[in-house]
Amino acid sequence: MGVLTAVFIFGILIFIITELHRKGHHFYVTNHRVIREFKFLSKKSSQATFDLITGAVVDQNLMERIFNIGDLKIKTASGVPVTFRGVSEPEKIKKIIVQSKHKDKTGSNNGLDEKYKCEKCDKLFETDKDLYIHIGRIHEREKFECEKCGEKFDTEKGLHIHTGKKHG
């Protein structure tokens with residue numbers, strides 16, 4: 001019973017860590033670039049601008065196809081691909097990238113739904129909820145303003161550090 005319980009608990013822990021890791025990935029397609037952010041104990045961001053994108057390839061094994069995840073390799077003009085690993089619905093993301101890349105000169109987006117587009121930074125979102133969360137987190141966060149120079153900070157600690165270094 002002890003070994004079976006340990007294996008079960010280990011499996012549950014692996015599942016939880018995998019889910020947290022997966023949910024830490026966010027992909028954004030803007031008018032100008034593709035951005036991948038990863039937040040899980042640390043923050044990492046990578047991007048590729050549309051003028052440098054030459055193509056996109058989805059790489060999935062059998063298990064990844066079953067769970068609709070995979071790697072999205074964005075080919076760039078430099079010849080060095082930018083790989084986004086563990087992408088949910090990679091074919092859908094690839095389609096959005098291709099449509100955005102081939103946006104015609106009239107401003108049409110070839111059917112890409114801009115219903116949920118942030119007016120401040122042009123990021124596109126799949127749902128109104130995602131857009132609402134983005135605006136709240138990025139654009140409408142309470143800012144802490146320095147009384148001496150007017151610079152704004154996301155946290156009171158950031159303002160305190162700034163005040164000590166710049167005006168100390």
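Could you please let me know if THR18 is within 17 Å of ILE138 (Cβ to Cβ) and polar (S, T, N, Q)?
no
Yes/no per residue for (1) farther than 23 Å from ARG33 by Cβ; (2) more than 26 Å from the chain's Cα centre (by Cα); (3) in a loop (DSSP other than H, G, I, E, B):
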residue	(1), (2), (3)
LYS120	no, no, yes
ILE133	no, no, no
LYS148	yes, yes, yes
GLY158	yes, no, no
LYS165	yes, yes, no
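I'm trying to understand the selection: among the residues of the range 68-87, which are over 20 Å from PHE38 (Cα atoms) and free of Cβ contacts under 8 Å to residues at least 24 places away in the same chain?
Listed by number, the residues that qualify are LYS75, GLY79, VAL80.
Looking at the range 68-100 only, could you name the residues that are crowded, with 16+ Cβ neighbours inside 10 Å and of a type in the set (Gly, Ala, Ser)?
GLY70, GLY86, SER100
Which condition from (1) more than 14 Å from the chain's Cα centre (by Cα); (2) at negative phi is the one that ARG36 breaks?
That leaves (1) as the condition not met.
Hey, among SER100, SER78, SER108, which residue is at pLDDT below 85 and in contact with a strand residue (DSSP E or B) (Cβ under 7 Å, 6 or more places away or on another chain)? Give the steps one after another, and end with the answer.
Values: SER78 fails: in contact with a strand residue (DSSP E or B) (Cβ under 7 Å, 6 or more places away or on another chain); SER108 fails: in contact with a strand residue (DSSP E or B) (Cβ under 7 Å, 6 or more places away or on another chain).
The match here is SER100.
The values are calculated or read from the model by the stated rules, or taken from the named source; none is laboratory data. Here the structure is a predicted model, which means the values were calculated and not measured. Reconstructed Cβ throughout: ideal geometry from the backbone, glycine too, with neighbour counts over all protein chains shown.
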